[in-house]
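Below is a structure I'd like to ask you about.
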Amino acid sequence: MTGTEETELERLRKELQNEHEMHLRALADFDNYRRRVDRDRASAAQFGKRDILLSLIELLDGFDRAMEHVDTASAVTEGFQALQRQLLNLLETQGVTPFNSVGESFDPALHEAIGSEERGERRPGTITAELRRGYRWGDQLLRPAGVRVAQ
């Protein structure tokens with residue numbers, strides 16, 4: 001081999017190495033892009049599901065308010081109660097669970113203070129009434145509880 005051929009061969013090897021590195025970089029970029037798209041798609045689906053679950057919780061709140069104003073011994077009331085239980089079971093199958101707040105200490109991460117009242121026998125910062133039930137979705141807060149807090 002002559003010096004020119006060796007130089008040409010070396011140049012081609014370097015060019016091949018550069019092309020190979022660019023190819024590997026393009027594969028890695030595409031793989032990162034695919035993972036990002038998958039993550040964004042899952043996040044969008046989760047966000048959409050969250051909106052639906054919050055709407056169902058509002059419907060459940062409507063049932064709670066309606067039950068306060070109906071006769072407890074009628075067939076219609078029993079039907080309302082059955083629908084309310086069915087809706088609550090549906091939410092629970094999706095990992096949504098209500099949590100109780102009355103008697104607990106106020107936690108701004110879980111509770112939204114809607115009002116306050118004289119503490120009476122309770123220590124300050126204790127939740128005295130739950131005006132709107134709070135819900136968790138798995139290990140995250142879906143909706144904070146609306147509460148009244150002792151002063």
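Tell me whether the range 69-86 contains one or more residues that are hydroxyl-bearing (Ser, Thr, Tyr), assigned to a loop (DSSP other than H, G, I, E, B) and surrounded by 10 or more Cβ atoms within 10 Å (Cβ to Cβ).
We begin by selecting, within the range 69-86, every residue hydroxyl-bearing (Ser, Thr, Tyr); these are 72, 74, 77.
Narrowing the set further to residues that are assigned to a loop (DSSP other than H, G, I, E, B) leaves 72, 74.
In the following step, the residues that additionally are surrounded by 10 or more Cβ atoms within 10 Å (Cβ to Cβ) were identified as 74.
Checked against the condition, which is being hydroxyl-bearing (Ser, Thr, Tyr), assigned to a loop (DSSP other than H, G, I, E, B) and surrounded by 10 or more Cβ atoms within 10 Å (Cβ to Cβ), the range 69-86 yields at least one hit.
Residue-wise test of (1) farther than 25 Å from residue 62 by Cα; (2) of a type in the set (Ser, Thr, Tyr); (3) in contact (Cβ under 8 Å) with a residue 60 or more places away in the chain.
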{"residue": "102", "(1), (2), (3)": "no, no, no"}
{"residue": "107", "(1), (2), (3)": "yes, no, no"}
{"residue": "116", "(1), (2), (3)": "no, yes, no"}
{"residue": "121", "(1), (2), (3)": "yes, no, no"}
{"residue": "124", "(1), (2), (3)": "yes, no, no"}
{"residue": "127", "(1), (2), (3)": "no, no, no"}
{"residue": "135", "(1), (2), (3)": "no, yes, yes"}
{"residue": "141", "(1), (2), (3)": "no, no, no"}
{"residue": "147", "(1), (2), (3)": "no, no, no"}
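A further question follows. Would you mention how many residues in the range 106-151 are outside any strand (DSSP E or B), in contact with a Ser or Thr (Cβ under 6 Å, 6 or more places away or on another chain) and within 26 Å of residue 92 (Cβ to Cβ)?
0
Shifting gears a bit: For the structure I just gave you, tell me whether residue 93 is under 30 Å from residue 146 (Cα atoms), surrounded by fewer than 10 Cβ atoms within 10 Å (Cβ to Cβ) and among the hydroxyl-bearing types (Ser, Thr, Tyr).
Working: under 30 Å from residue 146 (Cα atoms): yes; surrounded by fewer than 10 Cβ atoms within 10 Å (Cβ to Cβ): yes; among the hydroxyl-bearing types (Ser, Thr, Tyr): yes.
Yes: the conditions hold for residue 93.
Report every pair of residues separated by at least 6 positions or lying on different chains whose Cβ atoms are under 9 Å apart, first residue within the range 80-100 and within 22 Å of residue 131 (Cα to Cα), second among the basic types (Lys, Arg) and outside any loop (DSSP other than H, G, I, E, B).
96/136; 97/136; 98/136; 99/136
Coordinate-derived values only; no laboratory data. Because the structure is a prediction, the values reported are computed rather than measured. Glycine also receives a Cβ, built like all others from the backbone with ideal geometry; neighbour counts cover every protein chain displayed.
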